[in-house]
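Let me begin by presenting the structure, written as structure tokens, before commenting on it.
What follows draws every value from the coordinates through simple rules; no lab data is involved. These numbers come from a predicted model, not from an experiment. When we count neighbours, we look across all protein chains shown, and the Cβ atoms used for this are built from the backbone with ideal geometry, even at glycine.
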Amino acid sequence: MKKLEDLFEHQIKDLYSAETQLIDALPKMAKAANDKKLKKAFEDHLEETKKQKERLEKVCDELGIKPGGETCKAMKGLIKEAEGFIEEDASKEVRDAGLIAEAQRVEHYEISGYGTAVRYAKELGHDKIVTLLQATLDEEYAADDKLNDMAEDRLNKKAKK
Ligand SMILES: [Fe+2]
């Protein structure tokens, strides 16, 4: 990698791997969730994540590159941790609170990744790509807020009892 453009392409492939892995993991998290709204939040985010993956395919089309070839090791680790948690012996209330914690780690990671990608796209003058990536970044922020609200309003209190 010699230029910012190369680094940008590398980051896009990394995000593509992250979203692909998350598409496999979210159904497991939805299945493990007890609270109906939390289950629905995971299912909704799965649909959103599929669209985000498609956006990255569009980004790759724009850049004239193939999206595959990278494995996002950080997402692999985050998912491994979430799957490990699901196997823990926990009450359903504690499981829900813990699932939110695991999901928020994932969202924060993605927010960081897309935040950087948007910044690089701006710097490189890829205006169309900025719009695509910003749409996903906004969705990741919204997903994180939603999880935060669920934890604060109800699910942490239920787990406390
Ligand atoms: Fe995502």
Original post:
Looking at the stretch 48-66, is at least one residue on the phi < 0 side of the Ramachandran plot, in a loop (DSSP other than H, G, I, E, B) and touching a helix residue (DSSP H, G or I) at 6+ places or on another chain (Cβ under 9 Å)?
Top reply: yes
**OP:** Give the number of residues within the stretch 129-156 that are more than 16 Å from the ligand (Cβ to nearest atom) and closer than 27 Å to Lys92 by Cβ.
**Re:** 9
Original post:
Mind checking which residues of the stretch 67-100 are of a type in the set (Val, Ile, Thr) and either surrounded by fewer than 14 Cβ atoms within 10 Å (Cβ to Cβ) or not in a helix (DSSP H, G or I) (or both)?
Top reply: Thr71
Subject >> Close pairs from the stretch 35-50: first closer than 18 Å to Asn148 by Cβ and away from the ligand (no atom under 13 Å from the Cβ), partner part of a helix (DSSP H, G or I) and among the acidic types (Asp, Glu), Cβ under 7 Å, at least 6 apart >> reply: Asp35/Asp96; Leu38/Asp96
Original post:
Which residue out of Gly125, Gly113 is of a type in the set (Gly, Ala, Ser), out of contact with any Leu (no Cβ under 8 Å at 6 or more places or on another chain) and either within 11 Å of the ligand (Cβ to nearest atom) or under 17 Å from Gln11 (Cβ atoms) (or both)?
Top reply: Gly125
Original post:
Among Glu139, Glu123, which is assigned to a helix (DSSP H, G or I), touching a residue at least 60 places away in the same chain (Cβ under 8 Å) and under 12 Å from the mean Cα position of the chain (by Cα)?
Top reply: Glu139
